[in-house]
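Each remark here refers to the structure printed beneath this line.
Please treat every number below as a calculation from the coordinates, not as lab data. Just so it is clear, the structure is predicted and the values come from calculations on it, not from any experiment. Here the Cβ is made from the backbone with ideal geometry for all residues, glycine too, and neighbour counts use every protein chain on show.
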Amino acid sequence: MGESATADWCASEEAPAPSQDARQLIKHCVEGAWRHLGWRRLLMTGFLRDVLVRHFSNPRFIEEPDLRAAIWQETAPTGILIESIWRWRGDLTEKRPAVIIKPNAYKNVRVLHNDFVGTNEEGNECFATIWVGSHTLFCIHGSGAGAEILGAEVQRELTQFGPQIARTFNLKKFQVTGVGGISELEEATENFLVPVTVGWAYEEVWTLEPEALRFAGMKFTFNLDC
Amino acid sequence: MPHIPKRVTQPASDPSQSSVTSGVRREVMATQPRKKLEIKKVEPPIKKKSQMMDRVSPWDYDVDPNEVERTLFPEGLNSNG
């Protein structure tokens, strides 16, 4: 690797100051939405973004020394771009590393007959089912080695904190299922990407409360004297 | 009649400088059949996007949820919940 290529990834003499923007993210947005609405794919996209924003907001959290200069800021200039795929623009990744989060397809796994769990003490029917899906985090950089380093940093963060994330947010599973091979990005010139795929599974639980009392039956009387 | 010495021309060390060699070469070239001109199709220097095997777009990337399920639950989700 030439000098110009390595210079992109060498940590600067002065480590950037931690970003203050990331402090308010998880508590006020994701956790609140999760408690009120339960899991859904869009929420998972935001959750993954917030985890990575928090990770890259402080050099102390970053494991790889060569990445400690890539500090996330909410406004430009930021050391790293972390966005969902629908907010991503190719020209923004020309000069800096980026993590682009893409939600993949998810499927329903039925574990109970008609999802029926039982009836609670109030007489309401309870149901539950499991949803399984994944997100892919594209770790993008102008050099192949840079993309590899960024991919490893993201993979290790999510793998090692995965059990804690699953416990805290009541997920059935949260796990990095694989890291894809390195490829060249189609949209921009000379950018490389490493896809890191995170699989997840959560339970969707609901209760049906009838507005009126359950229909018990109907009595018929016949007048046979006619 | 005075004796005139016969002039002898020494061939040059470089065969191309020799009149004999160059004469032979010209003769050979003249007898070779003329090659038929071939028109080769020149590929454009920039390949089409569909031909770029190694380039990917994140939009085209998708992961099969069945594969994810098998990875997350290798023992399978049991029907007893």
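Sorted ascending by nearby beta carbons within 10 Å, beginning with the fewest, B:Asp64, A:Asp50 become B:Asp64, A:Asp50.
In order along segment A:76-88, the phi-based Karplus estimate (6.51 cos²θ - 1.76 cosθ + 1.60, θ = phi - 60°) of 3J(HN,Hα) comes to 5, x, 10, x, 8, 9, 10, 8, 6, 5, 7, 9, 8 Hz; Gly and Pro are listed as x.
Counting only the backbone N, which residues of segment A:38-62 are under 11 Å from the spot 7 Å out from the Cα of A:Glu74 toward its beta-carbon? Correct set: none at all.
Estimated from the Cβ-Cβ distance and a Förster radius of 22 angstrom, the FRET efficiency linking A:Arg87 and A:Thr168 is about 0.25.
In order along segment A:148-165, the Karplus-derived 3J(HN,Hα) couplings, from 6.51 cos²θ - 1.76 cosθ + 1.60 at θ = phi - 60°, round to 5, 5, 5, x, 5, 5, 5, 4, 5, 4, 6, 5, 6, 9, x, x, 5, 4 Hz, and Gly and Pro are given as x. For A:Tyr106, B:Tyr61, the sequence from fewest to most other C-beta atoms within 10 Å is B:Tyr61, A:Tyr106. Couplings for segment A:111-122, taken from phi via the Karplus curve 6.51 cos²θ - 1.76 cosθ + 1.60 with θ = phi - 60°, read 10, 10, 5, 6, 6, 7, 8, x, 10, 7, 5, 8 Hz in order; Gly and Pro are left as x.
Within segment A:120-226, list the chymotrypsin sites (Phe, Trp or Tyr not before Pro) lying in a DSSP loop whose Cβ has at most 11 other Cβ atoms in a 10 Å radius. Don't skip to the end; give the middle numbers.
Details: sites: A:Phe127, A:Trp131, A:Phe138, A:Phe161, A:Phe169, A:Phe174, A:Phe192, A:Trp200, A:Tyr202, A:Trp206, A:Phe215, A:Phe220, A:Phe222; in loops: A:Phe169, A:Phe215, A:Phe220, A:Phe222.
Those that pass, being in a loop and sparsely packed, are A:Phe215, A:Phe220, A:Phe222.
Over segment A:45-91, all Cα pairs binned in 5 Å intervals from 0 give whole-percent P(r) values of 5, 22, 28, 25, 15, 5, 0, listed from short to long. Considering all different alpha carbon pairs of segment A:131-226, the Kirkwood hydrodynamic radius works out to 17.4 Å. For segment A:67-165, applying the loop criterion from DSSP together with a ceiling of 14 other beta carbons within 10 Å to the GluC sites (Glu not before Pro) yields A:Glu74, A:Glu94, A:Glu121, A:Glu122.
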